[in-house]
Each structure stands twice: as structure tokens, then as C-alpha cells.
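The values are calculated or read from the model by the stated rules, or taken from the named source; none is laboratory data. Owing to the predicted nature of the structure, the values given are computational and were not obtained by experimental measurement. Virtual Cβ from ideal backbone geometry, glycine too; neighbours counted across all protein chains shown.
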Amino acid sequence: MKKWFMRVCISLFFLIYSTTSVNAQSSTSLVINNILVTPKPESVSYEVKTYLSVLDSAGVPVKGLTADNFSVVEDAKPMVIESLAPANDPISLIMLIDTSGSMAGSAINSAKDAANSFLLGMGNGDQVAILSFNNTVKPVIDFTTDRQAAGQQLSLIDAIPNSGTCLYDAAYQAVQNIAALAPSRRAVILFTDGVDEGNNGKPCSTYTIDDVIRLATGGNSAIPIYTLGLGYHVDEQSLQRLASLTGGRFQYAPTSNQLGVIFKNLSDQLKSQYLLTYLTTSAQGSHTLVIQATTPSGSVKDTRNFISPAMPVGILIKSPTDGQSILGKQVISAVLTGGAEGVQKVVFYVGGKDVGEVTAPPYDFNFEFTSSFAGTTTIDVVAQSANGDVIAKQSINVNVVVPTPTAGAATPNNPSGSIPNSITSSVNKLSGLPLYLIIGGIVLLLGILVFLIFRKRKKGESGGNNPIPTLEVVASDDPMFIGKRFEIQQPITKLGRLVADNDIAFPSDSPVSGQHAIIKRKGEKLYISEVSKGSTYGTFVNESKIGSTAVLLNDNAKIRLGSRLILRILKQKESDGGTIDNLIIPDEHGTIDHLLPPKKTHDPFETQETEK
């Protein structure tokens, strides 16, 4: 009698609860479902694609949101949203169906009908695999885009009497199987009516729920697990935890006749996901992502951790730039991105010809662009291994300009190198001026020349030509810093990651300590040492580790702070200023050089005439 009474009470409770429990959630929610991180070596950045769902309190997708409704913060830094759109790309799913003894009868039949309707609603490019589980995990069908075939195999499964529910072993295998696919939009759907236990009432699985969560949330692409629970014996708390911590969602149906509803809701939720994309220059490793959305019902947000993979080795041409016009001697400068693992040398090609190589940073190569390269010329820079294999490559096109012959120089049309008519005309114009103006002009020019010569000599005596030591960034996690130069003019210059505590800061280089090193200037000499408390990943000069004892920095010395930030010392001469080249004459020719006889230059055509 007591047992009958208890069953009636439980049945009434679930009958009442069913009107509000199916898919019920406490409020509007945002869930980050998938995060895909793709390295972009050409820009030393990562593309982060985030699939997310925004659902109202009834589990219905909130549609029509735009990028203006969202904000993205990565590691406490606001990110710029590149795009926001409906997630229309194909999805890969594994469906887990509980076939334990408790599923016998209407439960397994209703589950198969609801799951088959879900399959028929999938997109043409979507693929699905099905596993059944009880005491063991059994593959029903491997990944396929054939929904009819998947439905046929699904219809053949049945509950196994007196069998247990190895729930977590099944979930663990499903995550393993789907993780073997290429990173993409993917998920696991887990349906069960019970808890993880065998016929003896003890846990059935070898793995635990925490093992499943760690597997699903580790690696470069997390895998959400959507959990669907049936009946009063289901472990709601564990299924809710498994879903929420992996980026999925838990749904509950008290009776089997509501299974069609929760499978239909799940289908709608997957079809209504948003795809949010942004770019980041953060280093490889673990990061924390917070996405917030403003909806008509208020503001909601979700937080998820993700891992950026190692940046593959890439190479960037710093100078010249693509499309630049160049002439004569140039420095072709390149930098490696993502580390230098396996790179033996960097080979430079101009116009398809191997013109030289550099085996260690900085990867700078001096080359003279002669008239034989006139017009559009391709520059290729290739990072190669010891075996000559191409590891990374970048190509640009430059415009090589042919120099125009200097006015008055010997040319085929003017072999004598005589003064052009334009100069003669200018002199004739001057001859028409009053004599006192010409003399006054000459005296003024001589006075200016004497002043400039005296100023230059005085500046040289006062040490005005002393070189200015400069720090150049050769490699950095922040591509905007590569090639940047900092003059070292103060007696003490502090280097580190924190902007507030250093004279030169590298905020995006995570291996650099907050306060890392100090450069001291004594006259023309520079010395570097670590801060007294030391740094986490060390300081190196020409790849030799240093400590708190100051080390002399020679010209072109290579400094490495931590594992990836590479700097080098340059010495530049201060501008002499006030040279005759800067003297401007206010007439139509512009400079005094136009009033002087042209210098005699060697010309191959003139030589040929003489030899004849």
C-alpha cells in the first residue's frame, strides 16, 4: 500500500512539473559552445571563431542580434569584433543513445522516434555518428552525411534487459571519436534515463565525470556535450554540470512523450547559433574569453577558457614593402614569426635568382638593384631547413626605377658633357641684372657658406657627431613592434612588460617579466643587466645568459628578453644639419647645384666613341 501511494505521488509530481520543466531555464542565457583558434603566420596573429547561443528563459533562440549587441574581452583586454553572422557552416555530431535495461518498452521507442526526427532535420553538409551504450559502448554507424542510412541503423537498436549504464565511459569515447576529426563546429548529444551504475548499484564506468570534462575542454578546440535526461531516476545535477562546463546545455523530460519536444528544441538551438570572429595577437597558450550580449531582456555573458596552438614558423619581409619604388642599394630585411625551429638559413631571391643567404638574425641582406631589374621585380624570401626544405616563404613585388641621366652629364646625345641650354639661359638671365645686385648676391652666398662651415666645425668640436645608440626590435609577439626603434639617450633605461614601470615596455610579450632588464649609458658605451630580483625566463646577450652584473653591449649586439623578444643595438650618427645640400635658392631651378657646371662622369658611350 505504501509503495502504491508513493508511486502515485511521484507520478502526480512529474505530471505537474512537466508543464514547466521541459527545457525550462531560470533566465535568458548566453553559452559559448565552440572556440576554434587558427594561426595566421602572415600577420603574426590568431583568428578566433566562436560559436555561441543566446536563449530566452524558455530555451528559445534569441535571433536578430548584431555585432553592436556583443562585446568581447580576452585576458582582460577588449577585442575588436571582425564579424558576427548566423552559424551556417556544417556541424559534426555524435549521438549517444542509452540502451540500458531501464529503457525497455516505450522509452526506447520514443527516444528512437525523437532522435530520427532530429536526424531528418539536419543540414545537407552535416554529418553524424551514433553510439549506443549500456554495460559497454557499441558503434551503430560511423560519421555519415546520409541521414536516411543513419535513421535506418538507429531503428535497429533496442534496450538490453538487466544491463547497466556506463554513462561516463560512453561520453569519454564519444569525445575521443569526435576530437579525431579536423577542428570544426562539432558536438556530442548524450541521451540517458539514469545514472552511471551497474546492476549491482555501483559505478559502471572506468572514467569519471571529471575525466570527461577535462577531455572535452582540453586541447585547441573544446567539444560541447548536450545532455538530455528522461524520467525521475536521471541524475540531473551531473548532467547539468557536464553540459554547462563543456559549452553544451542540459534539457529534461519527465516522461517519454516529451522527448520529441526536447530533441526539436535542441535542433532549433544548433541551427540558431551565432558565429563571432575576432583577431588576437596574444601568445600561444591558455587564455580566458568573456563574451557579453545585450538582449531585449537584459545583459548576459559567458566565460570560457581556450588554448592557442603554437604559431607555425612564418617569415615576413619588413622592407622594402610590396609595391614600393626602389633604386640602387637597398636592405632586404626579413623576420621569422612563430619561432625559428628547424630554420637553418634564410635565402633571398630577386627576379627568380638566388642572390644570397643569411644564417642568423637579423635577416638583413644588402642588394643593389641595377637597371637590369627595371620595372616590376619579385623579391622572394625563403626560410629553409638544413636539408633545403622550404619551411616558410613570402613574396612581394617592387618597382625598380631606372635612374634619369644627370643634367649636363655625357650621354649619347651629348657626348661632350657640355652645359645644357637651360643653364646657359639662367646665366644669361643673371647677366641682365645690375652689377651691384650680382655682387651682393655672391657676397651673401659666401657669407652663408662661411657660417655653415664654421657651425659644422664647431659642432664637431663639441661632440655633436657622437652616435646615438638605438634599440631595434627584431622579433616580438606584437607584429606592430617588429622593426620599431628606440633611442637610448637617458643614463638609465628600464625594459620590461609593464608600461607604468618601464621606459621601454613590451606589453604583448608575455615571456618578458614586468621589470626585466636595465640599460645604462656611459658616454658612447651601453651596459645591460637584469633587474636585481631577476627575470622569469632570463636575459641573453648574443645568446649568452647574463645576470645582475652589467655586460657591455657592442654595436649590433643581439639581446633576447625571455624566450621570444629579440632586440639589437644600432648606432646612428646625429644629423650635421645646415649643409649646402639644404640650401635653397629662390628661382625656378630650386638649388645652387643648377648654377654650377656639371661634374664630369664616366659614361660607357663616351668610352666607345673614344675607342673608335
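Tabulated values for the structure
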item	result
Residues of the stretch 34-69 classified as within 21 Å of the chain's Cα centre (by Cα) and either at pLDDT below 95 or over 11 Å from Y274 (Cα atoms) (or both), total	15
Filtered residue count, the stretch 543-574, keeping only those that are within 29 Å of the chain's Cα centre (by Cα) and exposed (fewer than 13 other Cβ atoms within 10 Å of the Cβ)	1
Candidate set from the stretch 140-173 (those that are of a type in the set (D, E, K, R) and in a helix (DSSP H, G or I)); member that is surrounded by the fewest Cβ atoms within 10 Å (Cβ to Cβ)	R147
First in the stretch 191-220 and among the basic types (K, R), second anywhere and assigned to a helix (DSSP H, G or I), Cβ under 8 Å, 6 or more apart	none
Filter pass, A383 being out of contact with any helix residue (DSSP H, G or I) (no Cβ under 8 Å at 6 or more places or on another chain), assigned by TED's automatic domain parsing to the domain that holds G339, farther than 26 Å from R564 by Cβ and surrounded by 14 or more Cβ atoms within 10 Å (Cβ to Cβ)	no
Condition broken by Q176, with the remaining ones in (1) under 31 Å from the mean Cα position of the chain (by Cα); (2) part of a loop (DSSP other than H, G, I, E, B); (3) among the polar types (S, T, N, Q) satisfied	(2)
Qualifying residue in the stretch 236-253 (condition: closer than 21 Å to T99 by Cβ, in a loop (DSSP other than H, G, I, E, B) and of a type in the set (S, T, Y))	no
Those strands (runs of 3 or more DSSP E) lying entirely in the stretch 266-338 with at least 2 residues at pLDDT 90 or above, under 21 Å from the mean Cα position of the chain (by Cα) and under 30 Å from A243 (Cα atoms)	274-280, 285-295, 298-308
Test: residue in the stretch 566-587 that is outside any loop (DSSP other than H, G, I, E, B), at pLDDT below 85, touching a helix residue (DSSP H, G or I) at 6+ places or on another chain (Cβ under 8 Å) and among the β-branched types (V, I, T)	yes
Pair list, Cβ < 6 Å and 6+ apart or interchain, from the stretch 108-130 residues that are touching a residue at least 12 places away in the same chain (Cβ under 8 Å) to residues that are assigned to a loop (DSSP other than H, G, I, E, B) and surrounded by fewer than 18 Cβ atoms within 10 Å (Cβ to Cβ)	G125/P90; D126/P90; Q127/T145
Boolean, Y349 is surrounded by 14 or more Cβ atoms within 10 Å (Cβ to Cβ), modelled with pLDDT of 95 or more and not assigned by TED's automatic domain parsing to the domain that holds V473	yes
Residues within the stretch 483-497 that are surrounded by fewer than 19 Cβ atoms within 10 Å (Cβ to Cβ) and either at pLDDT 85 or above or not in a loop (DSSP other than H, G, I, E, B) (or both), tallied	9
The stretch 179-200, subset farther than 10 Å from S92 by Cα and in a strand (DSSP E or B), residue farthest from the chain's Cα centre (by Cα)	E197
